[in-house]
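Enquirer: The structure under discussion is supplied below as structure tokens; questions concerning it will follow.
The values are calculated or read from the model by the stated rules, or taken from the named source; none is laboratory data. None of these values were measured; they are calculated from a predicted model. Neighbour counts run over all protein chains shown; Cβ positions are idealised from the backbone, glycine included.
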């Protein structure tokens, strides 16, 4: 079962939210995640990243799978709610789905200037998390070599936000729209 | 660099807390995590798990690495602070390091009765998180076939707690004690 089959067979729709917790972001299917990791690794490889950067927790499975294939380390930004006092690069993010503000943080000692950073996450929707990771990498003096996502929600505008920042975007699958509660994927 | 070398060379100590965020639970080193995954997979294999179960976020890297080698799916329990209303198996946990109460949850649809569940986490200290995962698996009608950790803190009592529950424990490395700010590992 590849990702496309998994989405079409097992994703459930609740309003605007596409739930993929049976194979991607709660229970992780071994065949789906290896396929996703291979596709992300193939897209990243020519761009020669030194490290992959994601945000906890649901970014971790695809990042771990791609990083293993590339033989690279990966960093996962921590998320915190409430005041911070850690020695880190940090950005505030408001989450419309969760209705809260949270902060993504990367410790300064793990991001070295001049590193080539590939950004990975499970979903690209509005692009807030990915843009925060771009900010953090650039503040650290790193070069962002591109961003890869398991599932892009085309209508949410994240691709435009990242492209404006000169960050190329790859998505393994793209949700064009939701029609009568059914997910319609791009060809 | 294997885990033992990584701990002895790169772990930092702050009071009782051993920080391994340079290679295990913030930046993940590709050689360390593959070695850890292989050792956990080797210990798990004869016990024939159907699925590995961990908690977000820092349990994910070792679980993903071991699950890939075993060719198994994995489930990561979500952590929430505040009231819950999701259709899930849940347990409350108080975290002495973080000073908060939080809840670990697993959706009912991902844990099927009679499954053989192997529990994995990065640290075994007091064993609260692992015991909550055991509770959740047993409430779901599953059999816990053992628990594996990257680093055990021997003085914190988690092994006894799990052994009392008839859950066998494996740790890749064991911290015997901290002596003058230096980590002392078991042989």
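Enquirer: Using the structure shown, decide if residue B:8 is within 12 Å of chain A (Cβ to nearest Cβ) and either over 19 Å from residue B:144 (Cβ atoms) or at pLDDT 95 or above (or both).
Expert: no
Enquirer: Also, quick follow-up: Quick one: in segment B:39-63, which of the residues that are in a loop (DSSP other than H, G, I, E, B) and more than 15 Å from the chain's Cα centre (by Cα) is nearest to residue B:120 (Cα to Cα)?
Expert: The qualifying residue nearest to residue B:120 (Cα to Cα) is B:49.
Enquirer: Hey, can you tell me all the residues within segment B:36-56 that are without any contact (Cβ under 8 Å) to a residue 40 or more places away in the chain and either crowded, with 23+ Cβ neighbours inside 10 Å or in contact with a helix residue (DSSP H, G or I) (Cβ under 7 Å, 6 or more places away or on another chain) (or both)?
Expert: The answer is B:37, B:38, B:41, B:45.
Enquirer: Let me ask something else. Which residues, taken from segment B:3-15, are assigned to a loop (DSSP other than H, G, I, E, B) and in contact with a strand residue (DSSP E or B) (Cβ under 7 Å, 6 or more places away or on another chain)?
Expert: Of everything in segment B:3-15, just one residue is assigned to a loop (DSSP other than H, G, I, E, B) and in contact with a strand residue (DSSP E or B) (Cβ under 7 Å, 6 or more places away or on another chain), namely B:11.
Enquirer: Next question, about the same structure. Mind checking which residues of segment B:95-114 are surrounded by 19 or more Cβ atoms within 10 Å (Cβ to Cβ) and either at positive phi or assigned to a loop (DSSP other than H, G, I, E, B) (or both)?
Expert: B:111
Enquirer: So, one more: Just to be sure, is residue A:18 buried (at least 19 other Cβ atoms within 10 Å of the Cβ) and in contact (Cβ under 8 Å) with a residue 60 or more places away in the chain?
Expert: no
Enquirer: May I pose another question? Checking the conditions here, which among B:151, B:119 is surrounded by 23 or more Cβ atoms within 10 Å (Cβ to Cβ), within 10 Å of the chain's Cα centre (by Cα), closer than 23 Å to residue B:5 by Cβ and in contact (Cβ under 8 Å) with a residue 24 or more places away in the chain?
Expert: One residue alone meets the criteria, B:151.
Enquirer: Would you check if there is a residue in segment A:21-38 being under 19 Å from residue B:27 (Cβ atoms) and either within 12 Å of chain B (Cβ to nearest Cβ) or more than 14 Å from the chain's Cα centre (by Cα) (or both)?
Expert: yes
Enquirer: Here is a follow-up. Would it be correct to say that residue A:156 is away from every other protein chain (no Cβ under 14 Å), within 22 Å of residue A:15 (Cβ to Cβ) and surrounded by fewer than 24 Cβ atoms within 10 Å (Cβ to Cβ)?
Expert: In short, yes.
Enquirer: Consider segment A:57-78. How many of its residues are more than 8 Å from chain B (Cβ to nearest Cβ), under 23 Å from residue A:141 (Cβ atoms) and surrounded by fewer than 23 Cβ atoms within 10 Å (Cβ to Cβ)?
Expert: Of the residues in that region, 1 qualify.
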